[in-house]
Amino acid sequence: MVALISPASWSDESWLAESIATVESWGFRARVGRHATDRLGYLAGGDRERAADLNAAIHDPEVRAILCLRGGCGSLRLIADVDTGALRADPKPIIGFSDITALHQVWHRVGVPSVHGAVAGTRADAVHRLLVGERGEPVRTDRRQHGAELTTAGTASGPLFGGNLEMLARGVGVVDNDIEGHVLLLEINRAAGLGMVDRALTQLLLSGALAGITGVAVGALEGFEDYQDRGWTVLDVLHDRLGSLRVPVLAGLPLGHLENPVPVPLGVECELSADAGTLTSAPMAA
């Protein structure tokens with residue numbers, strides 16, 4: 001069984017119906033959270049109700065995966081309320097991206113793998129394959145994608161950790177993650193100007209959160225294609241900030257805010273090859 005919940009912003013009923021149909025097409029039963037369709041401004045109901053749905057899914061022994069219907073805003077409010085003891089006792093992956101990065105960090109701290117992705121687009125069935133323990137296809141760089149030219153050279157390995165840049169920075173001092181020896185995944189959407197990217201990366205660097213990472217995998221840079229600020233683009237900021245890490249960088253990956261994003265497992269071993277242009281992950285436990 002897969003639980004469908006809304007820990008952040010709300011989505012329309014058509015998307016809920018489509019998500020249920022997708023999950024059921026995999027041969028799974030779908031259980032919709034009690035408050036999944038609530039609305040409170042941009043949030044899918046109050047914090048208490050959203051946290052209750054999340055913990056109900058964690059506590060339910062029939063639920064083997066938790067699908068977040070969308071991101072938006074609000075996941076960070078819930079991280080102190082996650083029943084991490086119950087999650088350790090009955091591990092199950094959470095699926096989502098963007099704002100759901102806040103919850104991925106909790107899963108990582110507990111030591112439970114999760115899925116960065118969505119049941120959307122032409123690659124939705126790839127989520128199913130990950131959930132049943134199959135090895136995902138190598139994620140290949142798309143040299144046409146904005147930012148692909150950030151790719152350097154070399155290889156790196158280690159558990160994959162990360163997600164949305166802003167949410168990773170917001171987690172500093174809130175979620176205590178040790179990611180030494182990990183490959184860092186970044187996807188960035190333009191909520192503000194280049195200063196937002198600079199501040200978030202600088203916060204992660206100065207806090208020591210990125211100390212000891214082995215490589216960086218860069219996904220979508222949504223909204224930055226034609227954006228400049230006083231002669232600089234997001235590529236200049238990323239060259240400047242990521243260059244100080246002196247690790248291989250593989251960019252142009254079809255991950256994040258795209259029409260057909262590729263799902264990838266977080267918290268499992270991966271191999272990044274900037275030379276071959278591939279990110280390959282080990283299977284999740286079924």
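Checking each residue in region 69-95 for being touching a strand residue (DSSP E or B) at 6+ places or on another chain (Cβ under 9 Å), outside any loop (DSSP other than H, G, I, E, B) and touching a residue at least 40 places away in the same chain (Cβ under 8 Å) picks out 75, 95.
Does residue 245 satisfy the criteria of being surrounded by fewer than 23 Cβ atoms within 10 Å (Cβ to Cβ), among the hydrophobic types (A, V, I, L, M, F, W, C) and under 18 Å from residue 121 (Cα atoms)?
Working: surrounded by fewer than 23 Cβ atoms within 10 Å (Cβ to Cβ): yes; among the hydrophobic types (A, V, I, L, M, F, W, C): yes; under 18 Å from residue 121 (Cα atoms): no.
When the stated conditions are applied, residue 245 does not pass them.
From the list 66, 100, the one residue that fits, being touching a Pro at 6+ places or on another chain (Cβ under 9 Å), closer than 25 Å to residue 267 by Cβ and in a strand (DSSP E or B), is 66. Only one entry of 140, 129, 88, 135 meets the criterion of being surrounded by fewer than 18 Cβ atoms within 10 Å (Cβ to Cβ), within 18 Å of residue 267 (Cβ to Cβ) and in contact with a Gly (Cβ under 7 Å, 6 or more places away or on another chain), and that entry is 129. Among what's in region 193-225 and is under 18 Å from residue 251 (Cα atoms) and of a type in the set (D, E, K, R), pick the residue that is surrounded by the most Cβ atoms within 10 Å (Cβ to Cβ). Among them, the one singled out is 198.
Looking across region 41-78 at every residue that is under 14 Å from residue 106 (Cβ atoms) and β-branched (Val, Ile, Thr), the one that is surrounded by the fewest Cβ atoms within 10 Å (Cβ to Cβ) is identified as 58. Of the residues making up region 49-94, those that are on the phi < 0 side of the Ramachandran plot and of a type in the set (Gly, Ala, Ser) are 51, 52, 56, 57, 65, 71, 75, 80, 85, 86, 89.
Values in this text are rule-based calculations from the coordinates and carry no lab data. Please read these numbers as outputs of a predicted model, since none were measured by experiment. When we count neighbours, we look across all protein chains shown, and the Cβ atoms used for this are built from the backbone with ideal geometry, even at glycine.
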